[in-house]
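The values are calculated or read from the model by the stated rules, or taken from the named source; none is laboratory data. None of these values were measured; they are calculated from a predicted model. When we count neighbours, we look across all protein chains shown, and the Cβ atoms used for this are built from the backbone with ideal geometry, even at glycine.
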Amino acid sequence: RIFQMRANGKGFRSIAITLNEEQIPPPSDIYYAKLGKPNPNRCTHFWADNTIKQIIRNEVYLGNMIGGKSSTISYKNNR
């Protein structure tokens, strides 16, 4: 739905306002609810435009496989 609203020309802030008005919980609240724990972060329990921006720009939400974004030094190297 977020992608559909963005495709219709809504801005990040207006999408966040719409989700807040409909009382849809943000991702962090859903994550900790599934764990059965209270959210330890100091948050307002509202959507922020930066959260919307991160979701829109993350290719994983589009179904793309992302690999090789980070690499590690060989386990044989002790540095």
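Which residues, taken from the stretch 1-30, are of a type in the set (Phe, Trp, Tyr) and loosely packed, with under 15 Cβ neighbours inside 10 Å?
PHE3
Go through the stretch 31-79 and report how many residues are in contact with a helix residue (DSSP H, G or I) (Cβ under 7 Å, 6 or more places away or on another chain), surrounded by 10 or more Cβ atoms within 10 Å (Cβ to Cβ) and in a loop (DSSP other than H, G, I, E, B).
Within the stretch 31-79, residues that are in contact with a helix residue (DSSP H, G or I) (Cβ under 7 Å, 6 or more places away or on another chain), surrounded by 10 or more Cβ atoms within 10 Å (Cβ to Cβ) and in a loop (DSSP other than H, G, I, E, B) number 6.
Mind listing whichever residues of the stretch 31-79 are at pLDDT 80 or above, among the hydrophobic types (A, V, I, L, M, F, W, C) and under 20 Å from ARG6 (Cβ atoms)?
Residues satisfying the conditions are PHE46, TRP47, ALA48, ILE52, ILE55, ILE56, VAL60.
In the stretch 21-49, what residues are of a type in the set (S, T, N, Q) and under 21 Å from TYR61 (Cα atoms)?
Matches in the stretch 21-49: SER28 only.
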